[in-house]
Amino acid sequence: MSSTAAAAEAESTTERLTLVEGVQEGLHTEMERDDRVMVLGEDVGKNGGVFRATEGLYDEFGGGRVVDTPLAESGIVGSAIGLALSGLRPVAEMQFMGFMYPAFDQLVSHAARLRSRSHGQYTCPLVVRAPYGGGIHAPEHHSESKEAFFVHEPGLKVVVPSTPADAKGLLTAAIRDPDPVVFLEPKLIYRAFREEVPTGSHEVSLGEAAVRREGSDVSVFTWGAMTRPALIAADNLADEHGVDCEVVDLRTLSPLDTDSVVTSFEKTGRAAVVHEAPKTAGFGAEIATTIQEEALLYQEAPIKRIAGFDAPMPLHALEDYYLPQAVRIQDGILETVTF
Amino acid sequence: MSAQDDADHQHSIGATEFDTEPIRVLDDDGNLLSSAEPPALSDEELLDMYADMKLARHFDQRAVSFQRQGRIATYAPMTGQEGSQVATSHALDDADWLFPTYRDHAAKYVHGADLAALLKTLRGYREGYSVPEDVNLMPEYIPIATQVPHAMGMAWGQLLQGNDDTAVLCHLGDGATSEGDFHEGLNFAGVFDVPAVFVCNNNQWAISMPRERQTASETIAEKARAYGVEGVRVDGMDPLAVYAVTRAAIKKAKAPTDDERRPTLIESVQYRYGAHTTSDDPSVYRDEAESEAWRDRDPLDRLETYLYQTDVLDAEREAAIEARVEAEVSAAIETAEAAETSPERMVEHVYEETPDRLQEQLDELNALREKYGDDAFAEVLG
């Protein structure tokens, strides 16, 4: 970015947006800035997306750049790979993460490895957005958190915003990124709160975690919708037990910001990881292992994983028991602190 | 439509060719078309179909209003489509298998699903997916088109095990025809010549996507030809035509003649009067005036007219049916709302035997419930 542009950005105004409006703003701004950026998916055009993430884009940019496709996820991601190869910058929407699986082959067999297969000759600057996670009383298959599937695939980047400003900023970075990015949107907090979001171009670098609450006793690593209950738990622990939690929002799961994880852990010597996904082979396991590889001598207690169950996401009557609640998070952190 | 036109397309029931014009038995108002033979249904069977359609419509209205009141979660309405759902299930024999989607509430009910169970699922209890032991019915499919290869496989299994009396009926929507699983399932069905009937409920809309933008094919039925499967196009808002076509397809699936193939793809042409689900607002993407023309061909009105004209139905019987279905739906609601669940259910039936790790996770949760009370688990965002 030129210094003039940077100065302009520094002076830019803000507006109060929800997270889903942050997504919409990110798409809008990038489509205005770069003619190559296009949106495709099911119901993203006239309908503005089932969560209204693409609202207004069809009217402004037309059906050529905001494309309602037939109902076919493999077709959407597969054709988006071709579009990216052709020189465009497609942003494909998967209506829910639970419906991404038909596109899995395209993502892991092709998007992730076009660069390596062609020895750098061909690349795949593609973003695949998907709402994910539980807590909104949705039908079956609409509430899962399977980020680890994608993190496990070398060549894909995996990004999860937890604030409206990050939704815009990280999506901007994802669109500008030269490699394929799976951009997972925590739909539980799509409209849960508003915050000031910079207008105009706003980029938040991929691969950088954010410390949401500084603390000295224990590090809590989390992402997406779980950032909120983790912060609630941290406040409760400070009030009720005098425990000072540091809450780190990873934001990009792949590539992981190992430095931020290790730096925080070296300060506190204790850690908990909070995620909605099933515990076994969830991304929490990667955090715990990374810590023991990088900072074993700082470790004062076992690392606690507070996660979803190793069971299918229940239908909505039980989903609040499945998801990590502040009370579970609190209890798990205390276990670590009092070890 | 002229009588000659009617005659032209009427011949295609059971034939290997299909016509672009949908097969009909009743005209838009419910009069028997001069060219058509009514299907061989007794008065009692006709009244059963009528009562099931009345129940479906009443259930739908109550379910939508219950969703508004927060008593059930997201619901996919079926009004306008209940004639096709009821008629296809009436065309099945008891041992036949049904593979439904999330909108096929009436199809499931007619084939033997418990009405209260349907509501339990909508209230978020997985228990609602279980079906009575003697009913061959899968839990509703929510991912799109994934049921198509399963239904093919179930039909293939019948063939391989010599069960000549069992066929499989698989529902799918117009949107589903775009998915890879549709292609793979239909292709397998053709290759292995299995006793399966695929009913594409073409309700013109896949959420906001109109049928004509879903596929550049003129019809969905014609896709069958490429798979070596028979394709039939039927007026999906004419319950008698749907019954006739489906019954013929089921019979052929089980006992084809030498020159017939077992599988059939039926395109049941209908209209989704309401929203895709209660989370959807169709006024954003379609002109509601469009639905008026379809409502003029309402399946319930048409069958009712036909039954009055043929003296199968009268005002007294109609009132009795209405009272009965309303009582049945109310009783189901009462049962569903009295149902209870508990967190233990989360770990049940994941495997035949619950692994120790999973049991430990549940024990940990229960210890926390004991310590903090269930209210502490009410709201994730605090």
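Look through A:ILE287, A:ILE333 and report the one residue that is under 30 Å from A:LYS168 (Cβ atoms), in contact (Cβ under 8 Å) with a residue 40 or more places away in the chain and more than 11 Å from chain B (Cβ to nearest Cβ). When all the criteria are applied, what remains is A:ILE287.
Could you say whether any residue in segment A:292-302 is within 14 Å of chain B (Cβ to nearest Cβ) and among the aromatic types (Phe, Trp, Tyr)? Looking for residues that are within 14 Å of chain B (Cβ to nearest Cβ) and among the aromatic types (Phe, Trp, Tyr), one finds none in segment A:292-302, hence no.
Residues being of a type outside the set (S, T, N, Q) and away from every other protein chain (no Cβ under 14 Å) are represented in segment B:278-288 by at least one member. Filtering segment B:161-220 to residues that are within 14 Å of chain A (Cβ to nearest Cβ) and farther than 21 Å from B:THR101 by Cα leaves B:GLU212, B:ARG213, B:ALA216, B:SER217. Here is a check on your reading of the model: is B:PRO143 touching a His at 6+ places or on another chain (Cβ under 9 Å), assigned to a loop (DSSP other than H, G, I, E, B) and within 13 Å of another protein chain (Cβ to nearest Cβ)? Judged against the criteria, B:PRO143 is a match. Taken together, the criteria place A:ARG305 among residues that are within 25 Å of B:MET346 (Cβ to Cβ), among the charged types (D, E, K, R), over 18 Å from the mean Cα position of the chain (by Cα) and assigned by TED's automatic domain parsing to the domain that holds A:ILE333.
Selection within segment A:101-113: residues that are more than 12 Å from chain B (Cβ to nearest Cβ) and buried (at least 22 other Cβ atoms within 10 Å of the Cβ). The member of this set that is farthest from A:TYR132 (Cα to Cα) is A:ALA111.
Looking only at segment A:219-240, which residues are in contact (Cβ under 8 Å) with a residue 40 or more places away in the chain and either more than 14 Å from chain B (Cβ to nearest Cβ) or aromatic (Phe, Trp, Tyr) (or both)? Answer for segment A:219-240, where residues must be in contact (Cβ under 8 Å) with a residue 40 or more places away in the chain and either more than 14 Å from chain B (Cβ to nearest Cβ) or aromatic (Phe, Trp, Tyr) (or both): A:SER219, A:VAL220, A:PHE221, A:TRP223.
Residues of segment A:30-45 that are assigned to a loop (DSSP other than H, G, I, E, B) and within 14 Å of chain B (Cβ to nearest Cβ): A:GLU42, A:ASP43, A:VAL44, A:GLY45.
Residue-wise test of (1) surrounded by fewer than 21 Cβ atoms within 10 Å (Cβ to Cβ); (2) under 17 Å from B:LYS223 (Cα atoms); (3) at pLDDT 95 or above.
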position	(1), (2), (3)
B:HIS111	no, no, yes
B:THR121	no, no, yes
B:VAL131	yes, no, no
B:PRO139	yes, no, yes
B:GLN147	no, no, yes
B:TRP156	yes, no, yes
B:GLY175	no, yes, yes
B:GLY180	yes, yes, yes
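The single condition among (1) assigned to a loop (DSSP other than H, G, I, E, B); (2) more than 19 Å from the chain's Cα centre (by Cα) that B:GLN158 does not satisfy is (1).
Mind listing just one residue for me: the one in segment B:370-382 that is within 8 Å of chain A (Cβ to nearest Cβ) and over 19 Å from A:MET226 (Cα atoms) and, of those, nearest to the chain's Cα centre (by Cα)? In this case the residue turns out to be B:TYR372. When B:LEU303 is tested against the conditions (1) farther than 25 Å from A:THR280 by Cβ; (2) within 12 Å of chain A (Cβ to nearest Cβ); (3) in contact with a Pro (Cβ under 9 Å, 6 or more places away or on another chain); (4) not acidic (Asp, Glu), the lone failure is (2). Check segment B:304-315 and report whether any residue there is among the aromatic types (Phe, Trp, Tyr), in contact with a helix residue (DSSP H, G or I) (Cβ under 9 Å, 6 or more places away or on another chain), assigned to a loop (DSSP other than H, G, I, E, B) and surrounded by fewer than 21 Cβ atoms within 10 Å (Cβ to Cβ). Scanning segment B:304-315, I find no residue that is among the aromatic types (Phe, Trp, Tyr), in contact with a helix residue (DSSP H, G or I) (Cβ under 9 Å, 6 or more places away or on another chain), assigned to a loop (DSSP other than H, G, I, E, B) and surrounded by fewer than 21 Cβ atoms within 10 Å (Cβ to Cβ), so the answer is no. Within the option set A:GLY98, A:GLY75, being part of a helix (DSSP H, G or I), farther than 22 Å from A:ASP179 by Cα and at the interface with chain B (Cβ under 9 Å from one of its Cβ atoms) holds for one residue only, A:GLY98.
Take A:PHE149 and decide whether it is within 14 Å of chain B (Cβ to nearest Cβ) and part of a helix (DSSP H, G or I). Here the answer is no, as A:PHE149 does not meet what is asked. Collect the residues in segment B:127-137 that are within 13 Å of another protein chain (Cβ to nearest Cβ) and either hydrophobic (A, V, I, L, M, F, W, C) or in contact with a Ser or Thr (Cβ under 8 Å, 6 or more places away or on another chain) (or both), keeping them in residue-number order. Correct list: B:GLU127, B:GLY128, B:TYR129. For segment B:242-301, name all the residues that are of a type in the set (A, V, I, L, M), touching a residue at least 40 places away in the same chain (Cβ under 8 Å) and not in a loop (DSSP other than H, G, I, E, B). B:VAL242, B:ALA244, B:VAL245, B:ALA248, B:ALA249, B:ILE250, B:ALA253, B:LEU265, B:ILE266, B:VAL269, B:VAL284, B:LEU300 - these are the residues of segment B:242-301 that are of a type in the set (A, V, I, L, M), touching a residue at least 40 places away in the same chain (Cβ under 8 Å) and not in a loop (DSSP other than H, G, I, E, B).
If a residue counts only when it is farther than 18 Å from A:ARG213 by Cα, which strands (runs of 3 or more DSSP E) contained entirely in segment A:243-339 have at least 3 such residues?
A:271-278, A:304-308
Just one of the numbered conditions (1) more than 18 Å from the chain's Cα centre (by Cα); (2) within 14 Å of chain B (Cβ to nearest Cβ); (3) in contact (Cβ under 8 Å) with a residue 40 or more places away in the chain is not true of A:GLY63: (3).
Once segment B:177-193 is narrowed to residues that are in contact (Cβ under 8 Å) with a residue 60 or more places away in the chain and in a helix (DSSP H, G or I), the residue that is farthest from B:GLU140 (Cα to Cα) is B:GLY190. Give segment A:191-218 a look and list any residue that's within 14 Å of another protein chain (Cβ to nearest Cβ) and among the small types (Gly, Ala, Ser), or say none. A:ALA192 - this is the single residue of segment A:191-218 that is within 14 Å of another protein chain (Cβ to nearest Cβ) and among the small types (Gly, Ala, Ser). Of all the criteria given as (1) touching a Phe, Trp or Tyr at 6+ places or on another chain (Cβ under 8 Å); (2) buried (at least 17 other Cβ atoms within 10 Å of the Cβ); (3) more than 14 Å from chain A (Cβ to nearest Cβ), the one not satisfied by B:ARG295 is (2). When only residues in segment A:51-70 that are among the acidic types (Asp, Glu) and not in a loop (DSSP other than H, G, I, E, B) count, which is farthest from A:PRO178 (Cα to Cα)? Taking the candidates together, the pick is A:ASP59.
Test B:TYR75 against the stated conditions and say whether it is under 30 Å from B:LYS252 (Cβ atoms), hydroxyl-bearing (Ser, Thr, Tyr) and surrounded by 17 or more Cβ atoms within 10 Å (Cβ to Cβ). Answer is no for this residue. Considering (1) in contact with a strand residue (DSSP E or B) (Cβ under 7 Å, 6 or more places away or on another chain); (2) within 11 Å of chain B (Cβ to nearest Cβ); (3) in a loop (DSSP other than H, G, I, E, B); (4) within 24 Å of A:ARG191 (Cβ to Cβ), the lone condition that A:GLY48 does not fulfil carries the number (1).
The values are calculated or read from the model by the stated rules, or taken from the named source; none is laboratory data. Everything numeric here is computed off the predicted structure, so don't read it as measured data. Reconstructed Cβ throughout: ideal geometry from the backbone, glycine too, with neighbour counts over all protein chains shown.
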